[in-house]
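**Q** Dropping the structure in here first, questions after.
The values are calculated or read from the model by the stated rules, or taken from the named source; none is laboratory data. Fair warning: this is a prediction, and the values are worked out from it, not measured in the lab. Every residue, glycine as well, gets a Cβ built from its backbone with ideal geometry; the counts of neighbours run over all protein chains shown. Accessible surface is based on the protein model in full, side chains and every heavy atom, while ligands, DNA and RNA are left aside. Shrake-Rupley method; radii C 1.70, N 1.55, O 1.52, S 1.80 Å.
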Amino acid sequence: MTQHLRSITPVLHTERLTLRGLQMADAPLIKLYVGDFRVARNLTVVPHPYPAGAAEAFIGATIASEEPGMNWAITRAGENELIGVIGLAYKPEGLALGYWLGAPFWGAGLMSEAGAAVVSCCRAGGVPFVLSGAHQDNPASARVLSKLGFHFVASGQEYSLAQGHMVPFDYFRLDLE
């Protein structure tokens, strides 16, 4: 899977979604959705307000990256308009899953569906385990991870750029072997 993650982002299809590689045309919607504090506050690495040019820099780094990992634009099946992002990144502890969905799309099970597609991709690629986490005051994200089969590992704290301080955080792991 490591070599696979270095090469291309595969297109993944679910019943309601298509996950595809990011495109520069996605920048305005990324800025719109993560510029919403309701979204940004649940992410550790996204500042608020979201700076001008940050979406383009994120997409450019994703497209040009030689580091293992990938990010998918989440779109509704048959459409090309981004509604969120889900990605895999290598951290010292192992492969980590991160995600966000625009607030207008919350509560419909779309992130669980997107996550299941990415987990299936990892399983098919021979990834032994995937890590993730959620702010403790974001029970919806913890439910997504639970639905995907992740189990709670530990609690701690992470710095939230959007909130400007440390926040209580839960860590999760999914064993795929």
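**Q** From the set of residues in segment 152-177 that are open to solvent by 70 Å² or more (accessible area, probe 1.4 Å) and among the hydrophobic types (A, V, I, L, M, F, W, C), which is nearest to Pro51 (Cα to Cα)?
**A** Only one residue tops the list, namely Leu161.
**Q** Of the conditions (1) touching a strand residue (DSSP E or B) at 6+ places or on another chain (Cβ under 9 Å); (2) among the hydrophobic types (A, V, I, L, M, F, W, C); (3) surrounded by fewer than 19 Cβ atoms within 10 Å (Cβ to Cβ), Met24 fails just one. Which one is it?
**A** That leaves (1) as the condition not met.
**Q** So, Ile83, is that one in a strand (DSSP E or B) and open to solvent by less than 20 Å² (accessible area, probe 1.4 Å) or not?
**A** yes
**Q** Name the residues in segment 5-24 that are of a type outside the set (Val, Ile, Thr) and in contact with a helix residue (DSSP H, G or I) (Cβ under 9 Å, 6 or more places away or on another chain), would you?
**A** Pro10, Leu12, His13, Glu15, Arg16, Leu17, Leu19, Gly21, Leu22, Gln23, Met24
**Q** Still on this structure, I have one more. Considering segment 36-47 alone, what residues qualify as being modelled with pLDDT of 95 or more and open to solvent by 70 Å² or more (accessible area, probe 1.4 Å)?
**A** Once the filter is applied, which keeps residues that are modelled with pLDDT of 95 or more and open to solvent by 70 Å² or more (accessible area, probe 1.4 Å), segment 36-47 yields Phe37, Arg38.
**Q** Taking interchain pairs and intrachain pairs at least six residues apart, which have beta carbon atoms under 7 angstrom, with the first residue in segment 137-159 and of a type in the set (Val, Ile, Thr) and the second part of a helix (DSSP H, G or I)?
**A** Val144/Met111; Val144/Ser112; Val144/Gly115
**Q** Quick one: which strands (runs of 3 or more DSSP E) sit completely within segment 119-177 and have at least 1 residues that are within 18 Å of Gly87 (Cα to Cα)? Give the steps one after another, and end with the answer.
**A** On the way: elements: 129-135, 151-160, 165-175.
In segment 119-177, the matching strands (runs of 3 or more DSSP E) lie at 129-135, 165-175.
**Q** Then there is this: Looking at Ala61, is it among the small types (Gly, Ala, Ser), assigned to a strand (DSSP E or B) and surrounded by fewer than 18 Cβ atoms within 10 Å (Cβ to Cβ)? Steps first, answer last, please.
**A** Details: among the small types (Gly, Ala, Ser): yes; assigned to a strand (DSSP E or B): no; surrounded by fewer than 18 Cβ atoms within 10 Å (Cβ to Cβ): yes.
So Ala61 fails the test.
**Q** Given the criteria open to solvent by 20 Å² or more (accessible area, probe 1.4 Å) and of a type in the set (A, V, I, L, M, F, W, C), does Ala134 qualify?
**A** no
**Q** Mind listing whichever residues of segment 36-45 are in contact with a strand residue (DSSP E or B) (Cβ under 8 Å, 6 or more places away or on another chain) and either farther than 22 Å from Tyr159 by Cβ or not in a loop (DSSP other than H, G, I, E, B) (or both)?
**A** The answer is Val39, and nothing else.
**Q** Search segment 88-113 for residues being more than 21 Å from Asp170 (Cα to Cα) and under 14 Å from the mean Cα position of the chain (by Cα), and hand back the single one that is least open to solvent (accessible area, probe 1.4 Å).
**A** Restricting to residues being more than 21 Å from Asp170 (Cα to Cα) and under 14 Å from the mean Cα position of the chain (by Cα), the top hit is Gly102.
**Q** In addition: Looking at Tyr33, is it assigned to a strand (DSSP E or B) and either modelled with pLDDT of 95 or more or touching a helix residue (DSSP H, G or I) at 6+ places or on another chain (Cβ under 9 Å) (or both)? Steps first, please.
**A** On the way: assigned to a strand (DSSP E or B): no; either modelled with pLDDT of 95 or more or touching a helix residue (DSSP H, G or I) at 6+ places or on another chain (Cβ under 9 Å) (or both): yes.
In short, no.
**Q** Write out, first by first residue and then by second, each pair whose Cβ atoms fall under 6 Å of each other, whose residues are 6+ apart or on separate chains, and whose first residue, in segment 114-131, is touching a residue at least 40 places away in the same chain (Cβ under 8 Å) while the second is in a helix (DSSP H, G or I) and not charged (D, E, K, R).
**A** Qualifying pairs under 6 Å: Gly125/His4; Val130/Cys122.
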